[in-house]
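*Asks:* The following block contains the structure, expressed as structure tokens.
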Amino acid sequence: DTADVRGRDEPELLQRFVVRFQQGRLREIVNELLREPSEQEPPRRQAFRGGGALAAVTCAETGRVAESLRIAEWVLGSDGDPLPKDLFWLGAHALLSLVASAAGDAALAEQLVEPIETCRDHVVVFGAAGAVLGSAHHWLGVLASTCERWAVAEEHLEEAVRVSEHLDAPYWRAQAQLDLAFARRGRGCAADDPATVALVDDVV
């Protein structure tokens with residue numbers, strides 16, 4: 001299912017990304033997301049810079065980490081032109097947290113913390129299609145883990161679990177629990193620590 005997306009709008013592409021992302025199937029659409037826009041496509045699609053975060057994450061999740069970092073730099077404005085504060089701004093910063101994590105890039109992680117911190121108590125929604133990408137606390141936890149600030153990561157991820165439960169968002173609750181277990185192990189908790197094991201077992 002990697003048909004050409006010319007003539008389609010961003011909401012459909014976004015929803016397809018979210019489904020593949022949550023199913024661990026981003027490899028199926030990596031070529032589609034990296035395809036250069038044609039001259040026939042509407043200018044709005046060609047200028048969809050925030051949407052580049054989708055391509056960056058897809059590269060990171062499929063082992064193309066160097067390419068994901070290059071795209072992330074472009075999305076964030078390597079030429080000094082910051083990402084517009086539109087419907088994609090917060091979601092793009094949140095998704096790029098996965099790029100920083102995959103690359104182990106603490107500098108990129110630090111760059112992403114401040115924008116997301118300004119929205120720490122928000123639910124991340126990407127685009128007009130309303131794709132929910134979990135709690136901002138989740139992404140702050142991922143960034144803190146990338147920077148090996150384990151106690152901060154645990155605090156954010158515990159809150160992300162609570163928010164996801166409140167929203168009845170099982171995918172994001174499960175992901176927050178797995179990331180919380182990772183942070184606890186990073187802090188030095190033993191592999192057989194009961195609380196950590198329970199977080200993973202509850203998901204599995």
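The values are calculated or read from the model by the stated rules, or taken from the named source; none is laboratory data. Here the structure is a predicted model, which is why all the values come from computation and not from measurement. Cβ sites come from the backbone with ideal geometry, for glycine too, and all protein chains shown count toward neighbours. Areas reflect the complete protein model, heavy atoms only, side chains present, ligands, DNA and RNA absent. Shrake-Rupley method; radii C 1.70, N 1.55, O 1.52, S 1.80 Å.
*Asks:* Could you go through the stretch 9-25 and let me know if any residue there is open to solvent by 10 Å² or more (accessible area, probe 1.4 Å), part of a loop (DSSP other than H, G, I, E, B) and at pLDDT below 80.
*Replies:* Yes, the conditions are met somewhere in the stretch 9-25.
*Asks:* Separate question: Does VAL142 meet the test of being hydrophobic (A, V, I, L, M, F, W, C) and touching a residue at least 40 places away in the same chain (Cβ under 8 Å)? Explain how you work it out, then say what you get.
*Replies:* On the way: hydrophobic (A, V, I, L, M, F, W, C): yes; touching a residue at least 40 places away in the same chain (Cβ under 8 Å): yes.
Yes; evaluated as a whole, the condition is true for this residue.
*Asks:* Next up: Considering only residues that are without any contact (Cβ under 8 Å) to a residue 24 or more places away in the chain and among the small types (Gly, Ala, Ser), which ones fall in the stretch 67-91?
*Replies:* If the condition is that a residue be without any contact (Cβ under 8 Å) to a residue 24 or more places away in the chain and among the small types (Gly, Ala, Ser), then GLY77, SER78, GLY80 are the ones that fit.
*Asks:* Can you tell which of LEU54, LEU69, LEU90 is open to solvent by less than 80 Å² (accessible area, probe 1.4 Å) and within 22 Å of ASP121 (Cα to Cα)?
*Replies:* Sole residue among the options that is open to solvent by less than 80 Å² (accessible area, probe 1.4 Å) and within 22 Å of ASP121 (Cα to Cα): LEU90.
*Asks:* Out of all the residues in the stretch 159-175, which are buried (at least 16 other Cβ atoms within 10 Å of the Cβ) and within 17 Å of VAL203 (Cβ to Cβ)? Walk me through it before giving the result.
*Replies:* First, the residues of the stretch 159-175 that are buried (at least 16 other Cβ atoms within 10 Å of the Cβ): 159-161, 163-164, 169, 172-175.
Answer for the stretch 159-175, where residues must be buried (at least 16 other Cβ atoms within 10 Å of the Cβ) and within 17 Å of VAL203 (Cβ to Cβ): ALA160, VAL161, VAL163, SER164, ALA169, TRP172, ARG173, ALA174, GLN175.
*Asks:* Among the residues of the stretch 101-115, is there at least one that is crowded, with 17+ Cβ neighbours inside 10 Å and touching a Phe, Trp or Tyr at 6+ places or on another chain (Cβ under 6 Å)?
*Replies:* The answer is no, given that none of the residues of the stretch 101-115 is crowded, with 17+ Cβ neighbours inside 10 Å and touching a Phe, Trp or Tyr at 6+ places or on another chain (Cβ under 6 Å).
*Asks:* For the stretch 128-146, how many residues are touching a helix residue (DSSP H, G or I) at 6+ places or on another chain (Cβ under 8 Å) and open to solvent by 30 Å² or more (accessible area, probe 1.4 Å)? Walk me through how you get there before you give the answer.
*Replies:* So in the stretch 128-146, the residues touching a helix residue (DSSP H, G or I) at 6+ places or on another chain (Cβ under 8 Å) come out as 128-129, 131-146.
Next, only the ones that are open to solvent by 30 Å² or more (accessible area, probe 1.4 Å) stay: 128-129, 132.
So the count comes out to 3.
*Asks:* Could you tell me which residue of the stretch 176-204 is modelled with the lowest pLDDT, considering only residues that are of a type in the set (Asp, Glu) and either open to solvent by less than 30 Å² (accessible area, probe 1.4 Å) or part of a helix (DSSP H, G or I) (or both)?
*Replies:* The first filter runs over the stretch 176-204 and keeps only residues of a type in the set (Asp, Glu), leaving 179, 192-193, 201-202.
Now restrict to residues that are either open to solvent by less than 30 Å² (accessible area, probe 1.4 Å) or part of a helix (DSSP H, G or I) (or both): 179, 201-202.
Details: ASP179: 94, ASP201: 80, ASP202: 77.
So the residue we want is ASP202.
*Asks:* Separate question: Given the residues GLU159, GLU148, which is the only one that is more than 26 Å from GLU12 (Cα to Cα), among the charged types (D, E, K, R) and part of a helix (DSSP H, G or I)?
*Replies:* Details: GLU148 fails: part of a helix (DSSP H, G or I).
Only one candidate passes the filter, namely GLU159.
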